[in-house]
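A short reminder: the numbers here are calculations on the coordinates, not readings from a lab. These numbers were taken from a predicted model, which means no experiment stands behind them. Ideal geometry is used to build each Cβ from the backbone, glycine not excepted, and the neighbour counts take in all protein chains shown.
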2 protein chains.
Amino acid sequence: MGVDERRQQLIGVALELFSRRSPDEVSIDEIASAAGISRPLVYHYFPGKLSLYEAALTRASEDLADRFTEPREGPLGARLLRVMHRFFDFVDSHGPGFSALMRGGPAVGSSRANALIDSVRQAAYVQILSHLRVQDPPARLELVIRSWISLVEATALIWLEGRRIPRRELEVQLVHDFAALAAVSAAHDAEMAELLRAALRDEPGHGPFGDLVARLIALA
Amino acid sequence: MGVDERRQQLIGVALELFSRRSPDEVSIDEIASAAGISRPLVYHYFPGKLSLYEAALTRASEDLADRFTEPREGPLGARLLRVMHRFFDFVDSHGPGFSALMRGGPAVGSSRANALIDSVRQAAYVQILSHLRVQDPPARLELVIRSWISLVEATALIWLEGRRIPRRELEVQLVHDFAALAAVSAAHDAEMAELLRAALRDEPGHGPFGDLVARLIALA
């Protein structure tokens, strides 16, 4: 195995272990054993657990940021729903590691970890803006998108605590939450109302947004 | 000045400094000077900056948790709005310290800080449940309240970055967001729909919730 290939293999093994348990609980010995190499050989590729953890986090954050990439085709609600589905796939498979990281993570390396988390949030924000076809967002639109991204994170963390609500239901609900938060903002601001109307112009009655309106009317 | 009185004075001085600048930037010398005592005397009361920072955080978190306490009288929307107003008063006066803390804070003492933040979130959650008169919340109600608390935090942090939206507007909008998130959940679940109806039964047309409905109808 070449140097880079071995490094990538080790990152993959470490990510798998860090995903299933809190990073504090994973030892270099365990990583070496899972990779089928000796402990000293791990140190040949990475100076210590922190650098391996950071490499694993970097790969995980690139993976997560990629999941927000969605072709600009078809109705907006359906696009957002596909993104939520891929996001929950990630949360589902990296549960304990995701929780440990988002809840402040291990004290070691927290500033690098925070920077990676912020880069994922920024990637998600830029993607959503581009789907709304907005170049220069007003402060209220920025607030709606960024605070919704926080809501998505919080929802995923609460879901992971006991998985008491079906995942698919949360995926739809979060898309509906986006529409609801945008509608509240639009109810306060004419510019937001115009943006919302433009975003929903091509939305079909049977899409997630049409579904929400029908459900709310049935509720009233 | 007695020992406890002096400790309380130092905590107050430290909190004031930690609120205005990131805790990493505040020195013991500065705290001593602001309190009008010598540096060695500060160490007589607190073993180091970390313990003083933790004492200041503890006082701030008790103050913040208290702001969620609201008499169970009058319409729910107006109660929530008063809570949001007191919350933004806190955010406004502790801006830089609040940001530093919520964004991962100084690496030192982060586990104690995280525990304090969690205790404030829990106090807010318990308060809101009691206002809804719910003893044993279903998973979906817990999710709505706790994810809304995250939304409030995120909104405050984004607001602090440039204060580009009037505070009063955000206070109302967050109360409306709570209603909107509860409505989305109710649109998916009969038990939530029943809880929402019960919560809104005594809501007047001119309160924040009635105002939201009127605004949304005007928008459509």
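Ranked by how many other Cβ atoms sit within 10 Å of their own Cβ, fewest first, the residues B:F18, A:F87 fall in the order A:F87, B:F18.
Footprinting exposure proxy ranking of B:I117, B:I31, fewest other C-beta atoms within 10 angstrom first, gives B:I117, B:I31.
Dipole size of the stretch A:26-175 about its Cα centre, with +1 on Lys/Arg Cβ and -1 on Asp/Glu Cβ: approximately 200 debye, rounded to the nearest 20. Here the protein assembly as shown is treated with +1 on each Lys and Arg Cβ and -1 on each Asp and Glu Cβ, and its dipole about the Cα centre works out to around 140 debye.
Value of Rg to Rh for chain A, rounded to two decimals, is 1.06; Kirkwood radius and Rg both from alpha-carbon coordinates. Distances, shortest first, from the label point of B:P71 to those at the same position in the other copies read 6.1 nm; the point lies 7 Å along Cα to C-beta. Can you give me the C-alpha center-to-center distance between the stretch B:106-177 and the stretch A:82-100, rounded to a whole angstrom? Their Cα centres are 22 Å away from one another. Per residue of peptide B:172-182, the mean number of Cβ atoms on other chains within 10 Å of the residue Cβ is 5. Within chain B, helices built from complete DSSP H runs that reach 20 Å or longer along their own axis (Cα positions) and carry a mean Kyte-Doolittle hydropathy of -0.5 or higher are B:3-20, B:49-66, B:76-93, B:110-131, B:139-162, B:167-188. Peptides A:185-198, B:33-46 ranked from most to least packed by the mean count of surrounding Cβ atoms within 10 Å: A:185-198, B:33-46.
Measuring max minus min along each principal axis, the C-alpha atoms of the protein assembly as shown give extents of 71, 62, 44 Å (largest first).
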